[in-house]
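Read the structure below first, then the notes.
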Ligand code: BEZ
């Protein structure tokens, strides 16, 4: 399989953590891909018309995206066991969607201040994105700590990748300040070999 990859992408990281946890890194070849929406030539548009990473080319040449479809595919193909049976599955998927929503908002803030020219940036818009993240973090701290202490699953991995991206690109926001339980969970989770092996690297 081929995985279109950037070591800075938090969505690619989800896939990489799954591969490490499943002991299946030898099943994929990593293909470096562009990370900027302003460089469409270097994006995997033959495999994903949206041009986004991660995109996975399976052994029979089928293209699969986005990260949530890829992780479901790999989980089933590799028998990784990171999506539990229902009813826990619904919590896992909701946590994954919450984490991905946070990550998406965090990436949009990053793009706003690093891709848009200075005069066209909107601080109000960026704050609106941050409020989404803030609400989601509070909801996780209030309602999902029980799930986080359960068996490893893709919801936890997605959340850890979201938190890792906040640390990587938005450390000044200090998400830990009013969230002691989530911060304590992150200390343990970030120490997993799969998380250590996939720390983000600026492109
Ligand atoms: C980043 O550099 O922050 C980034 C890279 C790829 C995808 C999303 C964000």
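Read-outs throughout are calculated quantities, based only on the coordinates presented, and are distinct from any laboratory measurement. For clarity, every value in this text was computed on a predicted model and none was experimentally measured. Backbone-built Cβ (ideal geometry, glycine too); neighbour counts: all protein chains shown.
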Could you give P(r) for segment 88-192, binned at 10 Å from zero, as whole percent values over all Cα-Cα pairs?
-> 14, 49, 27, 9, 1
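Within a 10 angstrom radius of the beta carbon, how do 70, 157 rank from fewest other beta carbons to most?
Details: 70 22, 157 28.
With the fewest neighbours first, 70, 157 line up as 70, 157.
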The exposure ranking of 127, 172, 112, fewest beta-carbon neighbours within 10 Å first, is 172, 127, 112
Counting each DSSP H run of 4 or more residues in the chain as -39500 (n - 2.57), what helix-only mean residue ellipticity at 222 nm follows after dividing by all residues, to the nearest 500 deg cm²/dmol?
-> -16500 deg cm²/dmol
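Which of 53, 133, 45 comes first, and how do the rest follow, when ranked by fewest Cβ neighbours within 10 Å?
On the way: 53 27, 133 21, 45 13.
Lowest count first: 45, 133, 53.
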On a C-alpha basis, how far is the centre of segment 145-203 from the centre of segment 50-76 in Å? Whole number, if you could?
-> 23 Å
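Note down the relative contact order for the chain as a percent, whole number, built from C-alpha pairs under 8 angstrom at least six residues apart.
Numbers: 260 pairs, mean separation 53.6, N = 203.
Result for the chain is 26 percent.
Among DSSP beta bridges lying fully in the chain, give the percent that are antiparallel, nearest 5.
Values: 5 of 9 bridges.
Once the DSSP bridges in the chain are tallied, antiparallel ones form about 55 percent.
Order 56-63, 113-120 from most to least packed using the mean count of other Cβ atoms within 10 Å. Walk me through the numbers before you get to the answer.
Details: 56-63: 13.6, 113-120: 8.5.
Those peptides, ordered most packed to least, come out 56-63, 113-120.
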For the chain, average projected area of the Cα convex hull in nm² | 11.4 nm²
